[in-house]
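This report concerns only the one structure given below.
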Amino acid sequence: MYHFFVEPFQIHEDQGRIEILGGDVNHIEHVLRMRQGEELTVSDGYGWEYLCRAEEFLPESVTLRILKKERVSSELPSRITLYQCLPKGDKMELIVQKAVELGASAVVPVASRRCVVKLDAKKAESKRKRWQAISESAAKQSGRAVVPAVGEVTDFASALRAAKETDVRLIPYECADELLADGQTSSMDRTREILRGIERGQSVSVIIGPEGGLEKSEVEAAVEAGFLPVTLGKRILRTETAGLCVLSALMFHLEV
């Protein structure tokens, strides 16, 4: 069943209807070719979902009749923010899409020292809008109750400061053995302990380096800011894979 998001002002519960506006009108009429009487679901972005029936098609709006309203439980019980250092090419589009599918609550693009991509303010905002549109599309496809926000591009130090608001902070690091090994517990066992210790309801931040990895000084700054170094195994993962690996593990652990 097709799924859409609307702003609260588009919902008229007292009249039993919802108004679809903007680009979704063209998508419903000319791409999906929906007809009067067909059913679809609509989310308000705050956890409420409406089962609706298409009732009236106008040039600039589609009127839906509300059939049922219910609180949906498709969200993870913890808020997870992915701080992704800017990758090359269009990899960020894939990262945003899959992070949303895996349950991330927000994605924040980060400019670290080894990032090849350099964005000025105008280009950064243009990219952010594109990534936000991808987030909304992925949220629709995966049946999310909310559309995760894609933040403005921020520098590494600012990302560390923002992440201090979360309960648990994780930083995958290819040299985690040096930081985790204690002579008795392997880095992988220690990582399992860290993940198992995360409780439902706790907020989590994950920071992922760019293609060239994070500089040692950046990792040290992150650890000083409360980030826990973790290992993702014996293989070196690409930047577009590492964050999704962590999100997958967290989803499996936290899913109710």
Using the structure shown, decide if L94 is over 27 Å from P8 (Cβ atoms) and open to solvent by 50 Å² or more (accessible area, probe 1.4 Å).
yes
S73 meets each of (1) of a type in the set (S, T, N, Q); (2) closer than 15 Å to T154 by Cβ; (3) at pLDDT below 95 with one exception, condition (2)
For the range 49-68, pairs from a residue that is of a type in the set (A, V, I, L, M) to a residue that is in a loop (DSSP other than H, G, I, E, B) and open to solvent by 40 Å² or more (accessible area, probe 1.4 Å), with Cβ under 6 Å and 6 or more apart or across chains, are A54/Q36; A54/E38
Suppose we keep only residues that are among the β-branched types (V, I, T) and over 11 Å from V153 (Cα atoms) within the range 105-127. Which one would you say is surrounded by the most Cβ atoms within 10 Å (Cβ to Cβ)?
V117
Would you say G201 is under 30 Å from Y50 (Cβ atoms), open to solvent by 50 Å² or more (accessible area, probe 1.4 Å), within 17 Å of the chain's Cα centre (by Cα) and not β-branched (V, I, T)?
yes
Checking L170 against (1) part of a helix (DSSP H, G or I); (2) open to solvent by less than 40 Å² (accessible area, probe 1.4 Å), which single condition isn't satisfied?
(1)
Look at the range 42-70 and say how many of its residues are surrounded by fewer than 18 Cβ atoms within 10 Å (Cβ to Cβ), closer than 14 Å to G143 by Cβ and not acidic (D, E).
4
Hey, any hits in the range 215-230 for a residue that's assigned to a loop (DSSP other than H, G, I, E, B), at pLDDT below 95, on the phi < 0 side of the Ramachandran plot and touching a Lys or Arg at 6+ places or on another chain (Cβ under 7 Å)?
yes
Pick out, from the range 1-86, the strands (runs of 3 or more DSSP E) lying fully within it that include 2 or more residues that are of a type in the set (F, W, Y) and on the phi < 0 side of the Ramachandran plot.
3-5, 48-58
Please specify each residue of the range 238-256 satisfying the condition of being in contact with a strand residue (DSSP E or B) (Cβ under 8 Å, 6 or more places away or on another chain) and either farther than 14 Å from I80 by Cβ or open to solvent by 60 Å² or more (accessible area, probe 1.4 Å) (or both).
T239, A242
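The values are calculated or read from the model by the stated rules, or taken from the named source; none is laboratory data. Just so you know, these numbers come straight off a predicted model, no measurement behind them. All Cβ positions, even for glycine, are placed from backbone atoms using ideal geometry, and neighbour counts span all protein chains on display. All accessible areas refer to the heavy atoms of the entire protein, side chains included, with ligands and DNA or RNA removed. Shrake-Rupley method; radii C 1.70, N 1.55, O 1.52, S 1.80 Å.
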